[in-house]
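Sharing a structure here in structure tokens format.
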Amino acid sequence: MRTGELARATGIKVETIGFYERENLLPSPSRTAANYRDYGTEHAARLNSVRCARDLGFSLAQVRGLTKWRASI
């Protein structure tokens, strides 16, 4: 799915998705032949996890630590 589709699916703004990608909270997606970002369901799941953690009051550094820990298990 493209960035706008991911934003609608998760309720997270396009700008925020780009920010999370730059902050390494969201892995970079593959690209289509037309060079569009191609996000998958794993990206949506990660974004929902990040949003939940942020809603609970975790800092970006803490969320980054949680995502690294989750990836290691």
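The values are calculated or read from the model by the stated rules, or taken from the named source; none is laboratory data. Treat the numbers as computed from the prediction; the structure is a model and nothing was measured. Here Cβ is always computed from backbone atoms with ideal geometry, including for glycine, and neighbour counts include all displayed protein chains. Accessible surface is based on the protein model in full, side chains and every heavy atom, while ligands, DNA and RNA are left aside. Shrake-Rupley method; radii C 1.70, N 1.55, O 1.52, S 1.80 Å.
Restricting attention to region 51-68, does a residue exist that is part of a helix (DSSP H, G or I), touching a residue at least 24 places away in the same chain (Cβ under 8 Å), open to solvent by less than 60 Å² (accessible area, probe 1.4 Å) and touching a Lys or Arg at 6+ places or on another chain (Cβ under 6 Å)?
Among the residues of region 51-68, not one is part of a helix (DSSP H, G or I), touching a residue at least 24 places away in the same chain (Cβ under 8 Å), open to solvent by less than 60 Å² (accessible area, probe 1.4 Å) and touching a Lys or Arg at 6+ places or on another chain (Cβ under 6 Å), which makes the answer no.
Name every residue in region 47-73 that is farther than 15 Å from VAL14 by Cα and in contact with a Ser or Thr (Cβ under 9 Å, 6 or more places away or on another chain), in order of residue number.
SER49, ALA53, VAL63, LEU66, THR67, ARG70, listed by residue number.
Go over the candidates LEU26, LEU47 one by one and state the one that is open to solvent by less than 60 Å² (accessible area, probe 1.4 Å) and assigned to a loop (DSSP other than H, G, I, E, B). Working first, answer last.
Values: LEU47 fails: assigned to a loop (DSSP other than H, G, I, E, B).
Answer to the check: LEU26.
If you don't mind, there's one more thing I want to ask. Quick check on region 1-23: of everything there that is open to solvent by 70 Å² or more (accessible area, probe 1.4 Å) and not in a helix (DSSP H, G or I), which residue is farthest from SER59 (Cα to Cα)?
ARG2
Let me ask another. Of the residues ARG64, ARG8, which single one is at pLDDT below 95 and more than 9 Å from the chain's Cα centre (by Cα)?
Sole residue among the options that is at pLDDT below 95 and more than 9 Å from the chain's Cα centre (by Cα): ARG64.
If I ask for residues that are open to solvent by 60 Å² or more (accessible area, probe 1.4 Å), in contact with a strand residue (DSSP E or B) (Cβ under 9 Å, 6 or more places away or on another chain) and within 21 Å of ALA71 (Cα to Cα), which ones from region 29-44 would you list?
Those that are open to solvent by 60 Å² or more (accessible area, probe 1.4 Å), in contact with a strand residue (DSSP E or B) (Cβ under 9 Å, 6 or more places away or on another chain) and within 21 Å of ALA71 (Cα to Cα): SER30, ASP38.
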